[in-house]
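All of the numbers you see were taken from the coordinates with simple rules; none came from a lab. These figures come from a predicted structure and were not determined experimentally. Ideal geometry is used to build each Cβ from the backbone, glycine not excepted, and the neighbour counts take in all protein chains shown.
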Ligand code: SAM
Ligand code: SF4
C-alpha cells in the first residue's frame with residue numbers, strides 16, 4: 001500500500017439508492033477527504049456507509065457540507081502541516097455556512113496529535129483515531145450537544161472491523177476487505193506501529209461473512225487489505241488458507257491481497273498462489289532496499305538474498321506472476337554503492353509496477369535521529385534514476401501483453417460511449433468497446449496497444465483465450 005496524492009471520496013463513496021433513509025433526520029451533506037493509502041480510502045468508504053443511515057449524503061465540496069471529515073495519513077511528508085493548512089482554508093467555509101458545519105479530523109494524524117488539533121485549530125469539533133471510526137455517530141451527537149470537542153483515539157480494532165463492515169456503502173464490482181490491521185515490525189523509518197497499533201487479525205468467519213454479503217451485492221473481486229496482510233492468522237490458518245476459503249464463495253471471481261511483508265511469505269500462501277485460479281497472479285512485495293546494511297538499519301528482518309529467494313519460489317509456483325514493490329531511497333547513511341545495490345535488486349527481479357519514495361524523516365521514529373541524513377538533492381537524483389528503471393520495466397511488461405488474449409474483469413463504463421474499463425489479471429487498467437451487460441463479468445480481451453495510463457483491447461471469442469486464461473470462460 002502506498003501513499004499517493006489526496007483522494008476525495010465524496011463521489012466514489014456515494015451510498016446505494018437502496019440504503020435505509022431516515023427522512024426525519026433530514027438530508028445532510030458530508031464531504032470526506034482521504035489522504036494517503038488504500039487503507040484510508042477503504043476507511044473513508046466505510047465512514048460514508050456508516051453515516052448514510054444518519055441522513056448524510058456525500059457532496060462534492062466542503063462548502064456544501066454539514067460535516068467535513070479529513071481522513072489523514074502520517075506515512076510521509078509534512079502530514080500535520082498539510083492538515084493545518086486544509087483546516088485554515090476550512091475556517092472560512094465554516095464561517096460562511098449558514099446552517100453550520102461540523103469538522104472532524106480522522107486517521108493517523110488524529111491519532112498522533114490528539115487533543116493538540118482542536119487546541120491549534122478551534123474549528124475542529126471531532127478528533128477520531130483510525131481504530132475508533134465506528135464511534136463517529138456517537139461523537140457527532142456529542143459534538144452537536146455542544147459538549148466541547150469529541151475525542152476518541154483508543155485502540156479497539158476488533159469492534160471497528162465489525163461495525164464498519166456492516167454499514168457499507170455501494171460496493172461496486174471490486175471491493176476492499178480489511179483482514180488485518182496494525183504492525184509490530186517497527187521498521188525504523190515507519191510511523192505505522194505507533195499510529196495504527198499492534199498487529200491484529202480479523203476472524204476468518206467475519207471475513208467470509210463480509211465477502212459473502214459483498215458477492216450477493218454483485219462484487220466479483222475482493223482485495224484483502226492490511227498493513228501486513230500476509231501476517232493474517234486465525235488459529236493455525238494463514239492467508240493462503242483464507243484465500244482458498246474465499247475462492248469457494250459463489251460470485252467471487254477474483255481475489256487479491258496487499259500489502260505483503262517478505263518475512264510473512266509462507267509456503268502455504270505461495271502454494272495457494274500457484275494452485276488457486278481465483279487468486280490473481282500479482283504480488284506486491286515491498287523490498288525497500290537492495291543493500292543488506294541498509295535493510296538491517298531499517299530493521300526489515302531479511303536480506304536482499306532472502307527477498308530474491310522468495311521471488312524465486314513465487315515464480316516457480318506461478319510463472320506468470322506480476323511483481324510489484326516499494327522502495328525507499330536516501331535512507332540515513334545510504335551510500336552510492338548501497339543505492340546501486342537497490343538498482344541491482346530491481347534489475348534482478350523485473351517489476352511490473354512499483355512505488356518508490358524519498359526517505360522522509362518521521363518524528364519519533366528511530367531513523368529520524370540517525371546520523372548521516374542524506375541531502376535532498378542526492379535523494380532527488382537517486383529517485384529519478386530508480387524511477388526511470390522501474391518505468392522501463394513496467395513499460396516492457398505492458399508491451400509484452402500486446403497481442404495476448406487475457407481475461408478482463410469489467411468494472412465501470414469508460415469515457416467514450418460503448419466503452420468499458422476493466423482490469424487484467426496483472427492489475428493493468430484496460431479499455432475496450434463492450435456491451436454494458438459485461439459490467440461485473442470476466443471476458444476475454446485481446447490486448448491491442450499500450451496507452452499512457454492503460455491498455456487498449458478488443459473483445460475476443462472465449463474460444464481464443466490462452467490456456468492459462470481459462471478463468472475467462474467462467475465469466
Ligand atoms: N507494511 C508494508 C511493508 O512493510 O512492506 C508497507 C506499508 S507502508 C504503510 C507503505 C510504504 O510506505 C512502505 O513500504 C515504504 O516504502 C513507504 N514508507 C513508509 N515510511 C516511509 C518514510 N518514512 N519515508 C519514505 N517512505 C516510507
Ligand atoms: Fe511500517 Fe515496516 Fe510495519 Fe510496513 S512492516 S507498516 S513499513 S513498520
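Before moving on, here are some points about what is shown:
- Directionally averaged projected area (region 285-417, Cα convex hull): 11.0 nm².
- Computed over region 239-292, the convex hull of the alpha-carbon atoms projects to a mean area of 4.0 nm².
- Binning the C-alpha pair distances of region 374-463 at 10 Å intervals from 0 yields a P(r) profile of 17, 41, 20, 13, 7, 1 %, listed from the shortest bin outward.
- Mean separation of Cα contacts under 8 Å, 6 or more apart, over the residue count of the chain: relative contact order %: 9 percent
- Prolate/oblate/rounded label for region 413-458 (Cα gyration tensor, a/c 1.5): oblate
- Each of 84, 426 was scored by other Cβ atoms within 10 Å of its Cβ. Arranged with the fewest first, they read 84, 426.
- Take the Kirkwood radius over Cα pairs of region 230-323, plug it into Stokes-Einstein at 20 °C and 1.002 mPa s, and you get 153 µm²/s for translational diffusion.
- For the pair region 366-410 / region 283-330, the C-alpha centres are spaced 14 Å from each other.
- Region 302-364 shape via C-alpha gyration tensor axes, a/c threshold 1.5: prolate
- Per the Debye formula on identical point scatterers at the alpha carbon atoms of region 330-407, with no solvent, log10 I(q)/I(0) at q = 0.12, 0.14, 0.17 Å⁻¹ is -0.44, -0.56, -0.73.
- If you bin all the Cα-Cα distances of the chain at 10 Å, starting from zero, the percentages per bin are 4, 19, 28, 27, 17, 4, 0.
- Region 70-115 - convex hull of the alpha-carbon atoms, volume per residue in Å³: 66 Å³
- Averaging the sequence gap over all C-alpha pairs within less than 8 Å and six or more residues apart, then dividing by the number of residues, gives region 231-383 a relative contact order of 20 percent.
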